[in-house]
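Q: Following this message is one structure expressed as structure tokens.
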Amino acid sequence: MAGNSTALAAVLALVAQPLLSEAVLAQDRQDTPSLEDLIPDSAVEDPEGWAAQGVSAEAQAEEGTALPLDPDAPLDDSLVSIPWPEQVDLPEITPLEPDAEPIEFVTFDEDIPPIPAGSEERISDELVLVFPDEQSLFPQREEFLERFRSLSTIQELEDDDNIARLAVQARGDQALLEEMLRVYGYYDAQVIRSVGNVIGTDEANLDRPAARFDIIPGERYAIGAIDLGNLAAAGDDYDTLRSAFEVNVGDPISLDAIKTEQADLDVALGENGFPFAAIEEPALLIDHARVEGDLTMAVEPGGQYNFGVVTSSIPEFLSGEHLSDIARWDPGDIYQRSDEMDLRRAILATGIVGSVQLTPVVVEEPVGDQPGTVNIAAELTEAPLRTLAGNIGFGTEEGIRLEGMWEHRNLFPPEGLLRVRGILGTQEQLAGVTFRKNNFGGRDRILTLDAYASTIDYDLYDARTVSLVGNYERLSTLLFQKEFSWSVGIELVASQESEVDAEGNPLQRETYFVAALPLFAQLDQSDDLLDPTSGYRLSARLSPEASDNDGVQSFYVRSQVDASYYQSMGENTVLAGRVRLASIPGAELEGIAPSRRLYAGGGGSVRGYGYRSIGPVNQFGNPTGGRSLVELSAEARIRTGFLDGAVSVVPFIDAGSVSEGTTPDFGSIKLGAGVGVRYATGFGPLRLDVAVPLNRGPNDSWVAVYVALGQAF
């Protein structure tokens, strides 16, 4: 081992020697021998033998080197040109004087506030919002959450690891949150977004990625200056119009409120005689130093006007004079946009106009404080005027009923309708013709003349009737439900009627000639014509009548009072109740034609019993009708979740009694109960009721089924 060490030292000495020489003779590297040139082949083949030979004096002299270096020997000064440290004179370092004021370092807390502890609102498995614990810092929290739920872009991921998709959606939701905060006036708000598997303290580790948004609302900005353009040109109406725009200096900024009040101001302008008013979109100039926003919304009233008359583009079809009768204003009344819109709806409600465009046209310009005048030009297009329709119905007691109808709605302009109709049914056959004049003598007033011949084959009586009926009325329609309705009329009837025996065969016929003056009035405080959920209805019918039966004359009064009440019980349930009282004083039962008597039973009366089957009976067991009636009904209309809430279940109970006297007899009252189904359509509920009689008589069925449009009452 010693020999090997000696040989290796010799080799290293030879290697180090040219390296040191290179440090001194680096000026000519091209003449410097390579490592391979310095190690002879004999040293490679036999390093120990070669090292034992040593280095000859000639080689040392030739290369200018000494024998292998002694590690303890001092370094030759000729090889190093940099002086040793103790030979260098370093300048004396002057101690630094402390600054007059201490150095302050910027902390992150000043630029990026820490996320405060807050309460979490989990929107879904993938989405959490965090609000400040203190409710007063963001009082709009519930409304804000409801709106965000409807607008958020984050949806259920297709796989549990799709964090990239969630991150993209989270950026969109962050922008949405920031925009929504500005809507509420928080212009310095911060929304801190986190996406991953750890989203909060409530549920720190989730099985799937989720997005967390920490919301720091900051201070809410207030309304600064308000510029409403030329609104002051409205003159004496300025105060009224300005009060309609309920945004004032110092109010918290709410873009929703500004848009709402813009609409209110527009309505106020239209309702106070300014048909040409214009309002530009509102703009806010935010001043972060004042924590305020200056509001600019240019308003140009455009002059005040009164109504003139209505003109028609097709006067031979619907004249301007007729349209002026329909309008709810008189010439000279202050212009109101609601009256103009009401006229448009009324024209469409005639059913003979396909489209209508109303345009105010200046007739006289305003002068000073005096309003000008505008006529309302109606641009009309005709709708199809002829209708051919059919109807089919079925009831277990009434049987099948087929009905057909043809009409022309403007055969006698303006709004003169002619209708021909027919009925084929198990119990009724009819042929009739009707003339009707809508908006006759005033808005929503209808003149009707109806002539028909019919045959009725009920279980209780048989009738062959010819009638002529005239009515002048003001009633509710699907478009215009009226609080108060009325009707006056005249009725002339010639009828051959007879009761039937036990086998259903008619007995001896009797001829009746009846003249009547039917009157009707109704107060309607319900919220819907076909499907009410609140309010009440109260109506009365009074019909003085004179009857001649084979020379025997009778005078009597048919009277009836109906009352119904509706009460919502939560969002999905409506309780409804009905009472009907009727009486015919003035004549004995035999002096009143069977078709003019009172009956109960059926789908619109006491369900579970046959049509008109309740009441006194003759020797054959068939109802004869009576002179007094009482009916009571109660039901609960419960909306279900089926078909997006379109289906309702309706348990009900009905009661009714018919008496021969003029005072109702509650001792013989009939009870029926059942369950119905309602399907909500665009024009009212479709009704299916199944009922059973609770105190069934010998002629009553075990069950009855009714199908109709609209609620039972």
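Throughout, read-outs are computed from the coordinates displayed, never taken from laboratory work. These numbers come from a predicted model, not from an experiment. We place every Cβ from the backbone using ideal geometry, glycine too, and count neighbours over all the protein chains shown.
Q: Count charges around Glu382 for me, please; just the other residues with Cβ under 14 Å from its Cβ, Lys/Arg as +1, Asp/Glu as -1.
A: On the way: positive: Arg386, Arg409; negative: Glu316, Glu379, Glu415.
Combined, the nearby Lys, Arg, Asp and Glu give -1.
Q: I'd like the distance separating the alpha-carbon centroids of region 408-461 and region 308-349, in whole Å.
A: Rounded to whole Å, the Cα centres lie 28 Å apart.
Q: What are the residues whose amide H is under 5 Å from the amide H of Gly229, where those residues sit 5 or more places off or on another chain and H is modelled from the backbone?
A: So Gly229 has HN proximity to Met297, Val299.
Q: Shifting gears a bit: Would you list, by chain and number, the lysines whose Cα falls below 23 Å from the Cα of Lys482, excluding same-chain residues fewer than 8 positions away?
A: Lys437
Q: Could you compute the net charge surrounding Ala167? Neighbours are other residues with a C-beta less than 11 Å from the C-beta of Ala167; K and R count +1, D and E count -1. If you can, show how the numbers build up before the last one.
A: Details: positive: Arg165, Arg171, Arg193; negative: Asp173.
In short, +2.
Q: Just the Cα atoms of region 232-361, one point each, no solvent: what log10 I(q)/I(0) does Debye give at q = 0.13, 0.14 Å⁻¹?
A: Taking Cα atoms of region 232-361 as identical point scatterers yields -0.66, -0.73.
Q: Stokes-Einstein D for region 305-382 at 4 °C, 1.567 mPa s, Kirkwood Rh over Cα pairs, in µm²/s?
A: Values: Rh = 12.6 Å.
The estimated diffusion coefficient comes to 103 µm²/s.
Q: Sort Thr477, Thr434 so that the residue with the fewest other Cβ atoms within 10 Å of its own Cβ comes first and the one with the most comes last. Numbers along the way, then the final one.
A: Numbers: Thr477 13, Thr434 17.
Arranged by neighbour count, lowest to highest, Thr477, Thr434 become Thr477, Thr434.
Q: Starting with the fewest neighbours, write out His322, His408, His288 ranked by other beta-carbon atoms found within 10 Å of each beta-carbon. Please list the in-between numbers first.
A: Details: His322 19, His408 15, His288 10.
Final ranking by Cβ density, sparse to dense: His288, His408, His322.
Q: Something else now. Over its Cα atoms, what ratio of radius of gyration to 2.2 N^0.38 Å does region 593-708 give? Don't skip to the end; give the middle numbers.
A: Details: Rg = 15.8 Å, N = 116, 2.2 N^0.38 = 13.4 Å.
Dividing the Cα Rg of region 593-708 by 2.2 N^0.38 Å gives 1.18.
Q: For a footprinting-style exposure proxy, rank Ser454, Ser605 by other Cβ within 10 Å, fewest first.
A: Details: Ser454 17, Ser605 22.
Taking fewest neighbouring Cβ atoms as first place, the list is Ser454, Ser605.
Q: Can you give the Rg to Rh ratio for region 207-261, taking only C-alpha atoms and Rh from Kirkwood? Can you show the working numbers first?
A: Values: Rg = 18.8 Å, Rh = 14.5 Å.
With Rg and the Kirkwood Rh in hand, the quotient comes to 1.30.
Q: What are the ³J(HN,Hα) values, in whole Hz, obtained from phi via the Karplus relation 6.51 cos²θ - 1.76 cosθ + 1.60 with θ = phi - 60°, for each residue of region 218-224 in sequence order, with x given for Gly and Pro?
A: x, 7, 7, 7, 10, 6, x
Q: Take every DSSP beta bridge whose two residues both sit in region 214-363, then give the antiparallel share in percent to the nearest 5.
A: Details: 9 of 14 bridges.
Here the share of antiparallel DSSP bridges comes out near 65 percent.
Q: If you don't mind, there's one more thing I want to ask. With θ set to phi - 60°, apply the Karplus curve 6.51 cos²θ - 1.76 cosθ + 1.60 along region 165-175 and write out the HN-Hα couplings as whole Hz, x wherever there is a Gly or Pro.
A: Coupling constants for region 165-175: 4, 4, 5, 5, 5, 5, 5, x, 5, 5, 4 Hz.
Q: Per-residue HN-Hα couplings for region 684-695, Karplus 6.51 cos²θ - 1.76 cosθ + 1.60 at θ = phi - 60°, whole Hz, x for Gly and Pro?
A: x, x, 8, 10, 10, 10, 10, 9, 10, x, 7, 10
Q: Please give me the summed charge of the neighbours of Lys482: other residues whose Cβ is under 9 Å from its Cβ, Lys and Arg +1, Asp and Glu -1. Don't jump to the answer; show the numbers that get you there.
A: Values: positive: Arg474; negative: Asp444, Glu483, Asp524.
After counting each charged neighbour, the total is -2.
Q: To continue, here is another question. What value in Å³ per residue do you get for the convex hull of the alpha-carbon atoms in region 222-300? The partial results should precede the final answer.
A: Working: hull volume 5.9 nm³, N = 79.
Cα-based convex hull of region 222-300, divided per residue, equals 75 Å³.
Q: Which whole-number value in Å³ per residue fits the convex hull of the alpha carbons of region 458-709? Walk me through the numbers before you get to the answer.
A: Numbers: hull volume 33.5 nm³, N = 252.
Cα-based convex hull of region 458-709, divided per residue, equals 133 Å³.
Q: Next up: Could you state the number of Å between the C-alpha centres of region 660-713 and region 535-613?
A: Taking the Cα centre of each part, region 535-613 and region 660-713 sit 15 Å apart.
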